[in-house]
1. Could you tell me which of the residues B:Leu164, B:Leu156 is modelled with pLDDT of 95 or more, within 14 Å of chain A (Cβ to nearest Cβ) and more than 16 Å from ligand 2 (Cβ to nearest atom)?
2. Condition first: open to solvent by 40 Å² or more (accessible area, probe 1.4 Å), modelled with pLDDT under 95, farther than 25 Å from B:Glu186 by Cβ and within 14 Å of chain A (Cβ to nearest Cβ). Can you find one or more residues in the range B:76-95 that meet it?
3. Considering the range B:189-200 alone, what residues qualify as being open to solvent by less than 20 Å² (accessible area, probe 1.4 Å) and within 16 Å of ligand 1 (Cβ to nearest atom)?
4. Can you say whether B:Gly60 is at the interface with chain A (Cβ under 9 Å from one of its Cβ atoms), away from ligand 2 (no atom under 16 Å from the Cβ) and crowded, with 17+ Cβ neighbours inside 10 Å, as far as the supplied structure shows?
5. List the pairs whose first member sits in the range B:34-56 and is within 22 Å of A:Leu414 (Cα to Cα) and within 10 Å of ligand 1 (Cβ to nearest atom), whose second member is among the β-branched types (Val, Ile, Thr) and not in a strand (DSSP E or B), and whose Cβ atoms are under 7 Å apart, counting only residues at least 6 apart or on separate chains?
6. For the range B:1-18, enumerate the residues that are within 12 Å of ligand 1 (Cβ to nearest atom) and open to solvent by 80 Å² or more (accessible area, probe 1.4 Å).
7. Report whether or not B:Leu51 is farther than 19 Å from B:Val162 by Cα and either at pLDDT 95 or above or open to solvent by less than 10 Å² (accessible area, probe 1.4 Å) (or both).
8. Mind listing whichever residues of the range A:383-426 are under 38 Å from the mean Cα position of the chain (by Cα) and either at the interface with chain B (Cβ under 8 Å from one of its Cβ atoms) or under 17 Å from B:Asn92 (Cβ atoms) (or both)?
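The values are calculated or read from the model by the stated rules, or taken from the named source; none is laboratory data. Everything numeric here is computed off the predicted structure, so don't read it as measured data. Please note: Cβ atoms are built from the backbone with ideal geometry, for glycine as well, and neighbour counts cover all protein chains shown. Side chains are part of the model used for accessible areas, which takes the heavy atoms of the whole protein and leaves out ligands, DNA and RNA. Shrake-Rupley method; radii C 1.70, N 1.55, O 1.52, S 1.80 Å.
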Amino acid sequence: MKHFKQLLMLCILCVSVFLAPLNAFAAATSSSSSASSSSSSTTSSTNAATDDSLQRIKQKGTLVVGTSADYPPYEFTTKKNGKTEYVGFEMDVAKQFAKDLGVKLVIKNMDFDSLLVALESHKVDTVIAGMNITPERKKSVDFSKPYYTGHKYFLINKADKAKYKSVNSFKGKTVGAQNGAMEYNLVKQNIPNVQEKGLAKITSLVIALQSHKVDGVLMDEATAKAYANNNSNLYTFNSHIKIDSGGIAMAFPKGDKSLEAAANQTVDKINKEDLINKKWIPQASKYMKSYKKHNTVASYWTFFAKGVEYTLIITVIAVFFGFLLGTLFALMRLSQNKILHGIAVCYIEFIRGTPMLVQIMFVYFGIGAVIQSLPALVAGIIAVSVNSGAYVAEVIRSGIQSLPIGQTEAARSLGMTKKQTFHFIIMPQAMRNIWPALGNEFITLLKDSSLVSTIGVGELMYQTQLVQADTYKGVLPLFITMMIYFVLTFTLTRILNYFEGRMKHAH
Amino acid sequence: MPTKMIEIQHLKKEFNGNEVLKDISEEVDKGQVICVIGPSGAGKSTFLRCLNVLEKPTAGKVLFEGQDLTNISDPELDKLREKMGMVFQGFNLFPNMTVVNNIKIAPIKVKGLSEEEATKTAMELLKKVGLENKANVYPDSLSGGQKQRVAIVRSLAMDPEVMLFDEPTSALDPEMVDEVLNVMQELANSGMTMVVVTHEMGFAKEVADQIWFMADGYIQESGKPEDFFSHPTSDRAKEFLKKVLK
Ligand SMILES: Nc1ncnc2c1ncn2[C@@H]1O[C@H](COP(=O)(O)OP(=O)(O)O)[C@@H](O)[C@H]1O
Ligand SMILES: [Mg+2]
């Protein structure tokens with residue numbers, strides 16, 4: 001077991017060394033959402049006794065706030081001059097907090113159910129995301145004083161208005177709620193025989209609702225009203241479900257008492273002046289309205305363009321390193337050296353035996369906990385490269401092994417060294433044989449890169465979700481994205497075929 | 001006194017406990033042509049491959065120009081292999097390269113010859129075996145006899161001091177055997193040192209200076225072809241000759 005751990009660390013280390021130069025590159029290209037690679041002086045002392053949380057924030061000069069910006073009017077995105085901006089009344093809370101601390105605000109947007117992990121692994125300093133204070137959450141994180149309490153509303157299709165009027169009318173029906181949100185538990189506890197569907201994003205739930213995959217979605221009052229106001233096919237009503245929530249508050253890692261105390265001062269001020277109801281919610285609604293006018297999907301082409309750009313960046317870099325790793329591990333697996341062979345077998349089998357989604361999260365949260373400033377883009381590229389490397393290694397190995405041994409013997413008997421034989425005789429022939437299989441791997445990689453959207457990398461799938469959230473339309477952005485992916489893979493296929501043809505020609 | 005080129009001392013080779021070569025000691029002089037004959041499975045190929053250490057002997061020594069090949073570093077071995085050409089039963093041409101590139105690659109990559117020099121040598125050699133018009137085709141479009149002649153040329157392009165042949169005509173249709181044997185005969189006439197594993201008894205009789213008869217992991221008998229073919233001494237050799245000379 002210990003050996004195994006060392007082995008894994010070794011693999012990870014190798015890859016990190018490979019990718020080290022990318023750090024700078026990623027920092028330069030990453031959008032405002034994740035531009036937090038400012039070398040934080042976090043020595044990450046989670047020790048409550050020597051709580052320096054406040055001092056630490058002030059020293060590094062930034063407050064990193066984690067949120068899930070698909071939750072109007074709490075937090076959502078809008079575009080200004082083609083750039084994504086985070087707005088909503090909770091973003092005003094965040095701004096106020098950062099201002100009171102005298103530091104710069106950095107927003108990190110991710111799935112709601114990743115937020116607490118991000119908090120615990122110190123990827124963010126605080127979470128401001130419509131998060132209710134509950135006893136379970138209190139076990140793992142600390143909360144500030146609450147600044148808002150909302151009722152829970154059902155969002156339904158307007159056509160079903162007569163059918164669903166109360167909690168009880170959902171008996172035996174399918175109801176959706178956001179994973180990790182308190183509504184998820186409320187649905188279970190309050191509706192008898194309910195079929196519950198949990199998804200990571202409110203936008204996905206609304207799509208599910210519109211395509212009748214769920215009969216209703218339980219969500220926060222303000223959000224439900226926002227959707228109903230912006231989409232004439234939707235309707236919302238108060239569920240009257242009683243909640244024993246202490247209200248919505250900022251979450252902090254356990255023990256960050258000084259930061260929490262500072263937050264309470266901000267909250268007190270907000271509550272005293274009733275800033276949220278008087279000023280910030282009306283402001284947020286204005287964003288949503290001004291938005292509605294020109295929120296046709298087509299006007300979001302910059303989002304798609306940015307998504308394509310990142311998808312291509314991830315693909316190209318991961319194909320390169322995947323191929324490098326694949327060649328390296330294929331050779332190691334074929335090597336006479338038992339240790340090298342063992343390492344390669346472990347790597348290949350382990351990576352092929354675990355889901356890529358888990359690997360991506362593991363790299364981001366796991367390794368990210370060791371290397372604090374690891375940007376999501378780099379984590380994503382590492383995970384995709386390492387994953388691809390394992391599959392490419394097997395393709396290359398089979399390509400090498402399928403060549404007759406006579407080829408090697410002929411080359412060696414001519415005086416060629418092992419290296420020359422591999423380089424000039426084996427690899428060119430193996431490449432020609434495995435080109436179609438290798439091409440498949442690269443196309444799979446392009447498609448699978450969509451999985452890194454879960455850790456907030458702004459590639460095509462992630463941008464699609466932003467467009468969905470902004471336009472209140474679910475299917476059309478997905479369709480466009482599907483088309484874009486198809487065009488990309490189709491083009492890639494043609495390019496690969498062209499080279500395959502050229503290699504065949506040389507025969 | 002002729003100079004020794006290859007000296008084989010108590011050579012043993014086993015594969016996972018299966019003793020294929022039991023104890024072989026022989027010598028090859030410069031300019032000599034040795035024909036190794038014997039029943040299939042006797043270990044002839046294994047023996048030949050031990051000479052240039054494509055197969056690492058289990059025990060014993062192979063001295064090439066006085067240097068023990070079984071006990072030197074890889075780079076030294078690579079260096080010495082340049083001087084030992086090898087021709088295989090299955091040709092082993094590189095299918096992704098044209099004929100001329102098959103021939104040029106080793107001189108360029110290993111010897112560091114320039115493109116022009118290598119091309120010049122390759123074309124001269126191809127002309128000698130009557131294949132200069134095939135220089136730019138791929139091996140797939142050649143007949144077996146043509147392939148084997150290209151393979152011989154490919155080895156000769158490295159300017160070796162000894163050539164090892166492992167049943168070079170066994171994979172050929174009968175009508176193509178002669179075109180290859182003729183090339184080999186010319187090579188022998190030009191003074192090349194050769195070790196040839198073959199089933200072509202006519203060729204062995206005519207061209208060999210020495211016949212080594214191999215069976216059961218030993219060289220049972222060695223001698224001049226006229227002696228061996230007319231007066232074989234061992235029972236294994238008598239039995240073998242009766243079968244092949246029928
Ligand atoms: N790489 C190998 N691994 C295991 N056994 C082998 C190997 N090469 C040859 N042999 C065995 O050695 C014996 C001699 O083979 P070989 O040298 O090819 O004989 P010949 O060329 O005289 O027909 C055979 O029994 C064969 O099975
Ligand atoms: Mg043989």
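1. Just a single option satisfies the conditions, and that option is B:Leu156.
2. yes
3. The first filter runs over the range B:189-200 and keeps only residues open to solvent by less than 20 Å² (accessible area, probe 1.4 Å), leaving B:193-198.
Correct list: B:Val195, B:Val196, B:Val197, B:Thr198.
4. Taking the combined requirement at face value, the residue does not satisfy it.
5. B:Glu55/B:Thr46
6. Of everything in the range B:1-18, those that are within 12 Å of ligand 1 (Cβ to nearest atom) and open to solvent by 80 Å² or more (accessible area, probe 1.4 Å) turn out to be B:Asn16, B:Asn18.
7. On the way: farther than 19 Å from B:Val162 by Cα: no; either at pLDDT 95 or above or open to solvent by less than 10 Å² (accessible area, probe 1.4 Å) (or both): yes.
Spelling it out, it is not the case that B:Leu51 is farther than 19 Å from B:Val162 by Cα and either at pLDDT 95 or above or open to solvent by less than 10 Å² (accessible area, probe 1.4 Å) (or both).
8. Correct list: A:Ile400 only.
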